[in-house]
1. Nearest 5 is fine: what % of DSSP beta bridges in the chain come out antiparallel, could you say?
2. Which of the three applies to segment 1-137, rounded, prolate or oblate, going by the alpha-carbon gyration tensor with a ≥ b ≥ c and a/c under 1.5 meaning rounded?
3. Send over a whole-number figure in Å² for the accessible area per residue of segment 349-448, probe 1.4 Å.
4. Any idea what Rg and Dmax come out to for segment 45-101 if you just take the C-alpha atoms, in Å?
5. How much accessible area does residue 128 have with a 1.4 Å probe, in Å² rounded to the nearest 10?
6. For a Förster distance of 41 Å, can you work out the FRET efficiency between the beta-carbons of residue 202 and residue 47, rounded to the nearest 0.05?
7. Convert 20 °C to kelvin, take the viscosity as 1.002 mPa s, use the Kirkwood radius over C-alpha pairs of segment 358-448 as Rh, and evaluate the Stokes-Einstein diffusion coefficient in µm²/s, rounded to a whole number.
8. Starting from 0 in steps of 5 Å, tell me what percent of the Cα-Cα pairs of segment 144-298 lands in each bin.
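The values are calculated or read from the model by the stated rules, or taken from the named source; none is laboratory data. Note that this is a predicted model, so its numbers are computed, not measured. Don't worry about glycine lacking a Cβ; one is built from the backbone with ideal geometry, like all the others, and counts go over all protein chains shown. Surface accessibility is based on the protein's heavy atoms, side chains included, excluding ligands, DNA and RNA. Shrake-Rupley method; radii C 1.70, N 1.55, O 1.52, S 1.80 Å.
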Amino acid sequence: MAALEVNFDGLVGPTHNYAGLSYGNVASLNNAASFSNPLQAVLQGLEKMKAMHDKGLTQGVFAPHARPDLNVLRRLGFSGNDAQLITKAFNADPILLRACYSASAMWTANAATVSPSPDTHDAKVHFTAANLNNKFHRSLEPATTTRLLKAMFNNSQHFVHHQHLPEQGFFGDEGAANHTRFCDSHGSEGLEMFVFGASAFNSHLPKPRKYPARQTLEASEAICRLHNLKDASQIILQQNPEVIDQGVFHNDVIAVGNANVLLCHQQAFLNQRQALQDIRDAYIGSKQFYIIEVPSNRVTIQDAVTSYLFNSQLVSLNDGSMLLVAPQECQRNSTVNAYIEDMLLADNPVNQVQFFDLRQSMQNGGGPACLRLRVALSEQELSAVNPEVILTDAKYAQLVAWAKQHYRDRLAANDFADAALLRESYHALDELTQLLNLGSVYDFQLEG
Ligand code: SUG
């Protein structure tokens, strides 16, 4: 049956900022004191979405979350009306307030894990929002993510939504950032690869020493069970803990897969030689399977982390060729750029590259692949998706006009003390629920 992959890109929220919240994510820590430009951020993201749409791909839009999250501030003991809550939190702990304002839901690779119907025993598409419990600001996401997923994929004949895993480090789950799928084509049965950073229960497996492992083996195993995955459609591998300590906080910072191609760094996996053989052996397609393994003497881990080469998207175009959707930082890094040029000429399906300016997101450690959640859908399943979340030329124009009306072009530390930002943000999202026909997915009340 004809099927295609739809990338649902996170629309950057109006409170996008740099608060240095993600220990282990080098860009987040390095840019902690910078001011942000939410308008530029949302437009950069929309430009990538539009470019994919212009290539003939089906492109989806994933709405931002309502920020600031006042419910969590109330839970933490702050009280009063909206403006009083903001003032009290700003005076008590400005970084906590910034965490409640974080637009981190833009990185929809972390929103959920999705298993397409050819891989599951009940032939339905399964969704589990990630609990993201390793970082406080991200742990605020799963409930709203689930509501958004239900508003986008609202059809129980085709779509199954699971509750996120228990909110505890043992089941730390970062969603599709540690999950990729190999297949002959998007509609054929695939092999889903889950990559974990450490095991919570098995002390024999190595762990990173410095930075946290955000995905556990136990979380990946639970997702395989919940999604009712066929045995042949799952493989679980461990990420190399040494590279986590060098800033590779998700597998998608060191590896990316699409269809019959895996692009990964030489140091991506623990016991890499065996891991790659296991993937080859487990591949269930009949096409040739390509592994493009980038040697350390061509691209160092440091270059991988600063350029985000492996956080490129690999997408199959309608003519059968494969496109690398890379951040501009790869083009600016001469070693990485030279590697890409060689890769395009080598014997593998990747034969085009397009670079994007996603600097606003990149400065928080979010490249092209972080910004998208992949959902492979049959034609029938696609027709059951809320049509308003699929990008068209008209929807793009509406979203650009909406962003220009509501977003600021500069946010600095003191702006978070003023409840005007809260009002602007809630009003923007209220309007967006209508543009994307999402219903009541947010739980804020507009005062006055
Ligand atoms: O969870 N950064 C995000 C970046 C997520 C990238 N996603 C993938 N690799 N798939 C994170 O670390 C920084 C927020 C701040 O510091 O203000 C942040 O949350």
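1. On the way: 27 of 52 bridges.
Around 50 percent of the beta bridges assigned by DSSP in the chain are antiparallel ones.
2. On the way: a/c = 2.36, a/b = 1.71, b/c = 1.38.
Prolate, since a/c reaches 1.5 and a/b exceeds b/c.
3. On the way: 4360 Å² over 100 residues.
Here the residues of segment 349-448 average 44 Å² of exposed surface.
4. 17.8, 50
5. Number for this one is 0 Å².
6. Details: r = 44 Å, r/R0 = 1.07.
Rounded to the nearest 0.05, the efficiency is 0.40.
7. Working: Rh = 16.0 Å.
In µm²/s, the coefficient is 134.
8. For segment 144-298, the pair-distance distribution reads 2, 9, 17, 20, 20, 15, 10, 5, 1, 0, 0.
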